[in-house]
């Protein structure tokens with residue numbers, strides 16, 4: 001019966017509900033403190049926060065926590081015909097990384113044919129970026145496949161959405177979505193205008209990426225990408241200038257001027273959910289939604 005529902009992003013297949021809850025609760029409390037909400041710990045108790053977990057859907061069966069991702073390489077990135085989604089997303093990330101990081105060599109026109117060789121060049125370029133520092137190639141490829149799995153596979157989409165719907169109750173006031181979780185949250189709210197949720201908080205969101213994300217959003221019959229997300233009256237979107245996943249920082253041109261957009265600074269971990277949550281902007285959004293301000 002949580003007041004705040006949290007939806008994580010990609011790369012969480014080796015995490016779990018309790019792990020997510022521990023980290024997100026602490027960061028939410030810090031954000032409330034930054035926002036000037038007194039006695040943040042008692043204003044929003046751990047029991048008031050619930051983390052929807054779906055990372056296990058992307059964890060191959062029989063794997064243990066210490067295992068590594070499959071030894072994928074450039075040949076495993078789909079890059080042809082109707083299956084070119086992973087390569088298209090990879091190149092969008094490459095272009096954005098090059099724009100924000102001088103250490104990343106930008107893609108040239110000759111690489112845009114999306115060949116196996118150009119996919120390898122994109123992976124090599126991203127491996128040198130600050131944003132993807134420490135992430136092995138197989139990890140990046142796994143993340144691409146998770147995004148494709150949710151956006152392009154109806155069964156995966158349905159299973160994730162079922163978990164969100166099971167978590168939301170009449171007591172839920174705020175939904176928070178990080179990274180791919182912001183897409184999940186937006187689609188869930190759009191599909192359930194009957195919910196009593198008042199506020200949506202999106203963090204490091206890829207919702208504004210045309211063709212690859214925005215134009216693939218699934219709305220109820222008669223709806224279209226860009227529609228206001230169902231019952232919410234308040235939508236705050238936070239983006240770090242160096243967050244490659246949040247390629248489009250300002251969502252207002254696509255979703256309307258009612259979206260309150262803020263640029264934040266998360267340091268070397270631009271896409272980190274807890275760094276987003278600990279900002280005063282996140283704290284104010286949660287506090288407004290919960291009636292604490």
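The values are calculated or read from the model by the stated rules, or taken from the named source; none is laboratory data. None of the values given here were measured: they were computed from a predicted structure. Methodologically, a virtual Cβ is constructed for each residue, glycine included, from the backbone with ideal geometry; neighbour enumeration extends over all protein chains shown.
Assorted remarks:
- Scope the stretch 169-182; condition in a strand (DSSP E or B) and closer than 12 Å to residue 229 by Cα; matching residues: 175
- A search for C-beta distances below 8 Å between a residue of the stretch 24-35 that is closer than 19 Å to residue 181 by Cα and any residue that is buried (at least 20 other Cβ atoms within 10 Å of the Cβ) and at pLDDT below 95, counting only pairs 6+ apart in sequence or on different chains, returns 28/44.
- Here 193, 229, 220 are screened, and the one residue that is over 27 Å from residue 36 (Cα atoms), in contact with a helix residue (DSSP H, G or I) (Cβ under 7 Å, 6 or more places away or on another chain) and surrounded by fewer than 15 Cβ atoms within 10 Å (Cβ to Cβ) is 220.
- Search result, residues across the stretch 41-86 that are modelled with pLDDT under 65, outside any loop (DSSP other than H, G, I, E, B) and either surrounded by 10 or more Cβ atoms within 10 Å (Cβ to Cβ) or touching a helix residue (DSSP H, G or I) at 6+ places or on another chain (Cβ under 8 Å) (or both): 41
- Residues that are under 25 Å from residue 131 (Cα atoms), within 16 Å of the chain's Cα centre (by Cα) and at pLDDT 95 or above are absent from the stretch 217-227 altogether.
- When residues in the stretch 144-175 are screened for being farther than 22 Å from residue 84 by Cα and in contact with a helix residue (DSSP H, G or I) (Cβ under 7 Å, 6 or more places away or on another chain), 8 of them pass.
- Scan of the stretch 240-263 for residues that are in contact (Cβ under 8 Å) with a residue 40 or more places away in the chain, farther than 21 Å from residue 224 by Cα and surrounded by fewer than 17 Cβ atoms within 10 Å (Cβ to Cβ), ordered by number: 241
- Of all residues in the stretch 236-253, one or more are in a helix (DSSP H, G or I), at negative phi and at pLDDT 95 or above.
- The one condition from (1) loosely packed, with under 15 Cβ neighbours inside 10 Å; (2) assigned to a helix (DSSP H, G or I) that residue 133 does not meet is (2).
- From the list 185, 224, 166, the one residue that fits, being more than 27 Å from residue 280 (Cα to Cα) and not in a loop (DSSP other than H, G, I, E, B), is 166.
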